[in-house]
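The values are calculated or read from the model by the stated rules, or taken from the named source; none is laboratory data. Given the structure is predicted, the values throughout are model-derived calculations rather than measurements. As a convention, Cβ positions derive from the backbone with ideal geometry for all residues, glycine included, and neighbour counts pool all protein chains shown.
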Amino acid sequence: MKRLHEITVSPGGRTVIAAEGATLLQAARTAGLALEAPCDGRGTCGKCQVKAAGALSVPNETERKWLEQQQTQGLRLACQAKILGPAEVELPGGQQDGFITVAAGQGIEWPLDPPVYKLVSGRFGSQEDQRDLAMGFSPQFPDNYAALLKELAVNYKQGITHMEAVVNNGKLLDWHYQPGRTCYGVALDIGTTSVVAELFNLASGCSLGVRSCLNPQTEFGGDVLTRIAFAGKLAEGTLLLQEKIIAGINRLLEQLIAARQLDSRDIYHMVVAGNTTMQHLLLGIAPHSLACAPYRPVFLQQVEVSAAKLGLAMSPRGVVTVLPSAAAFVGADIVAGLLAAGLSHCPDTALFIDIGTNGEIVVCKDGELVGTSSAAGPALEGMNITCGCRAEPGAIEGAAISGDGTVKLKVIGGGQPTGICGSGLIDLIVELVRHGVITASGRFANPEKLTPQLASRLVTMDGKPCFSLSEDGRVFLTQKDVRQVQLAKGAIRAAIDLLLKEIHVEFSEIHEILVAGAFGFHLQPASLAGIGLLPAACQSKIRFVGNTAKEGARAVLLNRRAGAEVEQIGQDLKIIELSLQPEFQDYFVRALAFPPQAAVDV
């Protein structure tokens, strides 16, 4: 039997018991402490850094690789440091509190006609009303019907006949015994990185607030493939990931309700848009088949489930509508985005791009929708980058370089930078390419060919060049980071080019390019063109539309016709699997270079 040791965790001074030989990450998870590890403990991301002291293993080669460039004493990688005796650990704090994402999105307006509504009737005691009830109100969830009728009998016995029925497209959900109560609904976007919830009054259609958070599943991996692997690694892996996302959603619901001093039991409808993996995990369905050929989802269709069965902090008789997906890697977030953008009725040729850990691309041509996806990886969101982070206080979110080589950084919250997020990363690379610090091939240039200001920032760490960004030298850009961006943008650009070739569309024929998602929202068209993700000639066609996934969920929440249309989009969207085509590799290699017109090779 392995010996057990006490680990003191701060902030808070909590003591946890861990088995000898376990890693600090394993100990934190066993104790229910949130410690983010995007690579799920494989030691490939370097993001689970903690301050630690005590009886711990000597840093191994993997750990030294990540920590030798850091100047802070006592840092360890939690996934590598093993417990040999009592120890003290200081966990990073405030990651979720400072999390910033894009909650707003652009979408077409729908008239108010919600599928879930309150049906007002004078009395449910007459024979006519009872006959209407029996003929017109079939239960949404048959398991609840007996309980509903028993409650009705109790109220009849007490002389309570003035009631209001809550229905979903004519199917009975619940009774309101107190006339005048309001029904509420929530539009929910579950992204791989973030979760955004917006509360609505279903009678007026008015928004009552928006809340967002970091997806709590990031504790077990920063991308969908890592989470799928975690779900399969443990017998209870899928259930644990489901519990994490339900708990995160419930925290958002509690915040929304508290802000308006409402009763959570009056929330009767939630509409969910998420990628295919996130929707499987929400319902507790093992996603293993999504990670291997032929990449077959367990379900794609729109489904409605009981809120009580999921354990959500809303009316236990409420309904959760999970929007339809189109394929394993073109999920309901994209289908909802197409609904929000109105592309199913677009008379022009348009390009829709959602840039994240996957790049999803859809072309609207002659009334048809054709889409694909490409695994970009998390680099464009600031992950897999040496000093990368999410959009949070201290993150570099923008950069500019003046003619004399002075570097100007835009830091979230001001002050000294502590990391660099996706938008800042792209801005910086575009500027470095434009000023010749990075060549078209992606390599750092010879410092002798640069201005003194820029040359002074090109330093060497571990024998390799990098570009210093902070005065203390703790935030920098490495050659590997530049390559990660090239690989990500190359995968997306190759998918765009090959998809357009497959459906015989030229960039010149595209009337509008819609860029959705949190990443694109903070960028300028010139930045997307500057790294070569889109042609420079297309800059004037680019429109950033923000969180269209939530906007699509909102449309379905507030208009029943939108619900029928989103199902049709899910069925009609034609998916082309480009990564399996031999040509993809050639397109990918060509897309790696930065645009030569924006670079100065040396």
Tell me the helices (runs of 4 or more DSSP H) entirely within segment 517-574 that contain at least 3 residues that are under 18 Å from residue 109 (Cα atoms) and small (Gly, Ala, Ser).
548-558, 560-572
Please verify whether segment 282-295 includes one or more residues that are surrounded by 20 or more Cβ atoms within 10 Å (Cβ to Cβ), assigned to a helix (DSSP H, G or I) and touching a residue at least 40 places away in the same chain (Cβ under 8 Å).
yes
Going through 265, 227 one at a time, which residue ends up being at pLDDT below 95, over 30 Å from residue 382 (Cα atoms) and in a helix (DSSP H, G or I)?
265
Looking at (1) under 21 Å from residue 383 (Cα atoms); (2) surrounded by 14 or more Cβ atoms within 10 Å (Cβ to Cβ), find the lone condition where residue 439 falls short.
(1)
Mind telling me which of the residues 228, 246 ends up being surrounded by 24 or more Cβ atoms within 10 Å (Cβ to Cβ) and touching a residue at least 60 places away in the same chain (Cβ under 8 Å)?
228
Collect the residues in segment 356-385 that are part of a loop (DSSP other than H, G, I, E, B) and touching a Lys or Arg at 6+ places or on another chain (Cβ under 7 Å), keeping them in residue-number order.
382
Residue check for residue 544: surrounded by fewer than 19 Cβ atoms within 10 Å (Cβ to Cβ) and in contact (Cβ under 8 Å) with a residue 24 or more places away in the chain
no
Considering every residue within segment 195-218, establish whether at least one is under 22 Å from residue 268 (Cα atoms) and either in a helix (DSSP H, G or I) or free of Cβ contacts under 8 Å to residues at least 12 places away in the same chain (or both).
yes
